[in-house]
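Notes follow the structure.
The values are calculated or read from the model by the stated rules, or taken from the named source; none is laboratory data. Note that the structure is predicted; figures quoted are calculated from it, not measured. Note: ideal-geometry Cβ built from the backbone for every residue, glycine included; neighbour counts use all protein chains shown.
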């Protein structure tokens with residue numbers, strides 16, 4: 001469903017991704033691993049349209065979307081749940097969710113999506129009128145994912161969902177992610193947490209300093225000695 | 001005592017229009033970080049357009065809004081899209097200087113077309129008086145206050161309950177997250193700026209009847225609006241409206257109770273005092 | 001403690017060439033252009049002085065007209081009403097400006113003002129100062145003050161008009177730009193830029209906020225006040241609506257920003273470009289239709305900013321000045337290489353060439369070098 005060919009992208013003329021190629025088939029959970037500054041967030045931002053590639057191609061369902069604006073990508077269902085959640089602090093849970101479904105594709109189904117999402121995360125229904133800035137970290141993560149689902153995601157990209165969460169919440173979030181995967185959603189999981197990702201993702205890529213150095217099924221990646229060295233720089 | 005009450009009420013009335021205008025500026029600031037130093041000159045432009053329409057077609061300022069509102073909103077959108085937005089990513093101070101250049105252009109354009117002598121636009125409601133107890137109010141003042149509060153209310157509802165309003169608040173609170181929702185941040189900024197200028201067009205029509213205008217008035221309006229917006233905490237809705245009322249009253253009281261020179265000082269003095277002891281201004285939370 | 005960059009720039013041949021041209025310029029200029037040049041230099045000084053606080057320090061002060069007003073109105077009033085020599089008056093005004101600047105810096109620190117608040121509060125002070133000046137007869141009230149005719153008596157702070165006033169303006173301009181250069185390459189400059197970037201972080205690493213801001217503000221205020229006195233002397237008629245009005249600050253900020261905030265030469269460049277532009281426009285178009293010249297001026301300002309959003313100086317990046325430096329150095333070498341032999345062959349051959357060359361340049365024989373140089 002998604003293909004990236006030789007992507008070179010970065011900030012201010014300095015490339016962070018130096019020729020990355022990867023594939024995500026429909027219905028997969030793909031893990032993207034790597035140490036800090038390997039380029040994981042840059043890759044996600046490039047997919048979201050927030051970073052304009054210097055060269056390379058991004059194909060969605062066979063169609064070239066490299067030049068598409070961020071707004072258009074959201075309409076096509078490429079949705080990012082950003083690192084740090086980035087909920088709108090002064091708005092209620094309800095308003096955050098409404099904004100999630102604001103794009104033209106998702107707008108017509110907003111009411112039904114809202115019900116679905118609130119059933120998925122009953123906690124959010126409890127906090128419906130509460131200001132998002134006053135939610136706990138775990139609740140904000142729920143909200144961020146729910147917001148992403150409101151947008152009508154076909155490809156849901158999660159950037160470090162476990163960051164700053166208690167182990168119980170992490171468990172809960174990943175159970176939800178598995179549920180969504182079971183319902184047919186295609187997921188790109190960007191995580192520093194090696195163990196967690198290898199448990200839930202089907203296939204994984206390991207990014208090191210802008211290059212894909214390892215790719216394969218989760219088990220293969222787990223047992224590959226290069227994985228540890230890529231992470232610890234050994 | 002009558003004098004005090006009269007001054008207070010007049011101050012409150014005009015203060016509501018100051019607040020409205022400052023709301024427009026506050027929205028623009030919240031969404032794009034831009035402080036438009038030509039804001040007051042746009043007000044002036046609106047007032048001169050009312051004058052021109054009156055001279056040419058005998059249109060009452062309130063009626064000419066039908067023309068001025070859409071035209072000025074469109075002009076605002078064009079100015080933002082083609083002059084300000086290309087620069088706004090860079091040093092924001094450059095944008096301020098750009099708006100200063102714009103202020104020069106508007107001010108002198110008006111000077112060239114209309115001359116420097118004070119002029120006024122009459123209106124049929126000018127002579128109408130409302131007497132409430134010991135306070136005598138002129139028609140235009142009351143109408144201005146009513147419409148200002150009403151429009152502020154409409155603005156509040158738009159921000160609270162419509163998608164475009166939520167988009168504006170979203171961009172203000174976290175532009176990157178807003179982009180991830182598929183919101184076109186640049187477009188929202190342009191729309192907000194255009195709205196600000198549209199509000200200015202309304203304010204110009206409200207302030208016009210019977211008021212004497214000169215090309216050099218623009219800067220004074222800009223500074224007043226700046227005082228109100230900073231006092232109000234930059235983006236706090238209630239704070240800004242309250243700030244408008246306070247500055248309006250300070251102005252009115254100053255000219256009545258103090259000498260000419262000291263009277264114009266009073267709004268500044270009050271501004272300084274409030275800012276020093278409440279650096280976040282009058283804002284309670286954020287808008 | 002001064003960075004090497006400072007001395008490298010001071011040694012730049014391009015800089016000295018420009019300076020030489022500036023000093024000798026008046027001999028070739030008509031009085032009209034001399035007037036424009038003098039005005040431009042005054043603004044170079046004002047913009048550079050402001051830049052210390054506004055550009056390097058990142059604090060947009062809209063209150064500098066207070067210092068200009070003190071330097072111009074107060075010093076003139078002291079002369080006209082109390083007979084105090086203008087040199088002394090200048091010093092008194094400068095001290096008062098410094099004190100006012102220190103107070104403003106203290107207020108900013110004590111009340112933790114944000115940038116926009118600082119701008120507006122300084123504007124408020126400036127507006128108040130204008131109102132006070134207009135209402136106070138001692139400093140001339142609304143009608144201003146008229147200084148006695150400039151006879152060229154240097155001890156009475158007179159420069160003789162024309163070339164003399166130009167060189168006075170050039171002097172303050174050079175002082176202010178040099179002050180910028182010095183500060184930028186000294187610890188104060190580092191501290192200011194830290195504060196500009198992130199005040200809290202600066203404080204966390206030990207930058208003394210109050211000390212730094214106060215120092216910058218006082219230097220800026222004192223310099224501005226001094227320039228104000230020179231400006232007043234040049235204009236002879238001291239108009240509070242011009243010299244104590246926030247409008248002059250607006251001009252200063254405009255020129256400094258368009259030229260390139262924060263750099264040593266940016267504000268100067270902005271003044272050098274925009275002041276003559278304004279004057280020439282006013283001269284050519286002022287009488288045609290009221291407002292036309294300012295209208296076109298505004299359009300040019302907008303166009304300039306659209307074309308160089310990071311300031312005019314950024315357009316003339318430093319590699320240009322380095323290129324100019326090496327170009328001039330090469331030209332100088334070429335010149336001496338070409339003319340050396342020419343001159344030697346033109347002189348009578350009575351003495352050996354090196355001795356003749358040595359006596360021509362006044363170089364000492366090697367034996368004399370062991371003399372102490374105290």
Fill in: residue B:155 vs. criteria in a helix (DSSP H, G or I) and within 14 Å of chain A (Cβ to nearest Cβ)
no
Response to the item:
Exactly one of C:273, C:258, C:253 is away from chain B (no Cβ under 13 Å), in contact with a helix residue (DSSP H, G or I) (Cβ under 8 Å, 6 or more places away or on another chain) and more than 17 Å from residue B:107 (Cα to Cα), and that residue is C:273
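Residues checked against (1) in a helix (DSSP H, G or I); (2) free of Cβ contacts under 8 Å to residues at least 12 places away in the same chain; (3) surrounded by fewer than 20 Cβ atoms within 10 Å (Cβ to Cβ); (4) within 10 Å of chain C (Cβ to nearest Cβ):
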| position | (1), (2), (3), (4) |
| --- | --- |
| B:66 | yes, yes, yes, no |
| B:80 | yes, no, no, no |
| B:85 | yes, no, yes, no |
| B:99 | yes, no, no, yes |
| B:107 | yes, no, no, yes |
Worksheet item: Since residue B:37 meets every condition but one in (1) within 14 Å of chain C (Cβ to nearest Cβ); (2) part of a helix (DSSP H, G or I); (3) within 21 Å of the chain's Cα centre (by Cα), which condition does it not meet?
Response: (2)
Item to complete: State yes or no: is residue C:264 outside any helix (DSSP H, G or I) and crowded, with 22+ Cβ neighbours inside 10 Å?
Response: yes
Item to complete: Report whether or not residue B:160 is surrounded by fewer than 16 Cβ atoms within 10 Å (Cβ to Cβ), assigned to a helix (DSSP H, G or I) and within 11 Å of chain A (Cβ to nearest Cβ).
Response: yes
Worksheet item: If you scan the stretch A:77-87, which residues turn out to be part of a loop (DSSP other than H, G, I, E, B) and at the interface with chain B (Cβ under 8 Å from one of its Cβ atoms)?
Response: A:82, A:86, A:87
Practice prompt. List the number of the failed condition for residue A:132; all other conditions in (1) closer than 17 Å to residue A:82 by Cα; (2) over 15 Å from the mean Cα position of the chain (by Cα); (3) away from every other protein chain (no Cβ under 14 Å) hold.
Written response: (3)
Response to the item:
In the stretch A:22-43, anything more than 22 Å from residue A:153 (Cα to Cα) and surrounded by fewer than 23 Cβ atoms within 10 Å (Cβ to Cβ) is listed as A:35, A:36, A:37
Worksheet item: Under the condition of being within 10 Å of chain B (Cβ to nearest Cβ) and not in a helix (DSSP H, G or I), which residue from the stretch C:111-147 is surrounded by the fewest Cβ atoms within 10 Å (Cβ to Cβ)?
Response: C:112
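In this structure, is residue A:74 within 8 Å of another protein chain (Cβ to nearest Cβ) and either without any contact (Cβ under 8 Å) to a residue 12 or more places away in the chain or not in a loop (DSSP other than H, G, I, E, B) (or both)?
Criteria met by residue A:74.
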Discussion item. Cβ-Cβ distance below 7 Å, separation of 6 or more or different chains: which pairs start in the stretch C:24-45 with a residue that is under 14 Å from residue C:276 (Cβ atoms) and end on one that is not in a helix (DSSP H, G or I)?
Written reply: C:37/C:29
Practice prompt. Check whether at least one residue in the stretch A:167-182 is farther than 26 Å from residue A:8 by Cβ and outside any helix (DSSP H, G or I), and report yes or no.
Written response: no
Worksheet item: When you look at residue A:129, is it over 24 Å from residue A:27 (Cβ atoms), free of Cβ contacts under 8 Å to residues at least 40 places away in the same chain and out of contact with any strand residue (DSSP E or B) (no Cβ under 8 Å at 6 or more places or on another chain), yes or no?
Response: no
Response to the item:
Residue hits (the stretch C:218-247; within 13 Å of chain B (Cβ to nearest Cβ) and in a helix (DSSP H, G or I)) are C:240, C:241, C:246, C:247
Response to the item:
Flagged in the stretch C:54-110 as closer than 20 Å to residue C:241 by Cβ, part of a helix (DSSP H, G or I) and within 14 Å of chain B (Cβ to nearest Cβ), in numbering order, are C:65, C:66
Worksheet item: Does any residue of the stretch A:44-60 turn out to be more than 13 Å from every other protein chain (Cβ to nearest Cβ), buried (at least 17 other Cβ atoms within 10 Å of the Cβ), under 21 Å from residue B:186 (Cβ atoms) and out of contact with any helix residue (DSSP H, G or I) (no Cβ under 9 Å at 6 or more places or on another chain)?
Response: yes
Fill in: Candidates B:218, B:233, B:198 - the one that is crowded, with 22+ Cβ neighbours inside 10 Å, touching a helix residue (DSSP H, G or I) at 6+ places or on another chain (Cβ under 9 Å) and more than 13 Å from chain C (Cβ to nearest Cβ)
B:198
Worksheet item: Given the structure, is residue A:66 more than 14 Å from chain B (Cβ to nearest Cβ), in a helix (DSSP H, G or I), free of Cβ contacts under 8 Å to residues at least 40 places away in the same chain and surrounded by fewer than 20 Cβ atoms within 10 Å (Cβ to Cβ)?
Response: no
Worksheet entry | Contacts under 6 angstrom Cβ, first residue in the stretch B:118-145 being farther than 18 Å from residue B:54 by Cβ, partner surrounded by 15 or more Cβ atoms within 10 Å (Cβ to Cβ), 6 or more apart | B:130/B:137; B:130/B:142; B:135/B:6; B:135/B:9; B:141/B:13; B:145/B:13; B:145/B:16
Worksheet item: Any chance the stretch C:148-158 includes a residue that's crowded, with 18+ Cβ neighbours inside 10 Å and modelled with pLDDT of 90 or more?
Response: no
Response to the item:
Scanning the stretch B:236-282 residue by residue, those within 12 Å of another protein chain (Cβ to nearest Cβ) and either in a loop (DSSP other than H, G, I, E, B) or modelled with pLDDT under 75 (or both) turn out to be B:236, B:258, B:259, B:260, B:261, B:262, B:263, B:264, B:278, B:279, B:280, B:281
Item to complete: Inspect the stretch A:45-59 for any residue being closer than 22 Å to residue A:174 by Cα, in contact with a strand residue (DSSP E or B) (Cβ under 6 Å, 6 or more places away or on another chain) and part of a strand (DSSP E or B) and give the result as yes or no.
Response: no
Discussion item. Yes or no: the stretch B:117-129 includes at least one residue that is crowded, with 20+ Cβ neighbours inside 10 Å, away from chain C (no Cβ under 14 Å) and assigned to a loop (DSSP other than H, G, I, E, B).
Written reply: yes
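Quick check on residue B:173: is it farther than 27 Å from residue B:214 by Cβ and under 21 Å from the mean Cα position of the chain (by Cα)?
So residue B:173 fails the test.
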Worksheet item: Name the residues in the stretch C:12-53 that are out of contact with any helix residue (DSSP H, G or I) (no Cβ under 9 Å at 6 or more places or on another chain) and either at positive phi or assigned to a loop (DSSP other than H, G, I, E, B) (or both), would you?
Response: C:30
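In the stretch A:182-191, how many are on the phi < 0 side of the Ramachandran plot and over 13 Å from the mean Cα position of the chain (by Cα)?
The initial filter retains those residues of the stretch A:182-191 that are on the phi < 0 side of the Ramachandran plot, namely A:182-183, A:185-191.
Those still in the list that are over 13 Å from the mean Cα position of the chain (by Cα) too: A:182-183.
Of the residues in that region, 2 qualify.
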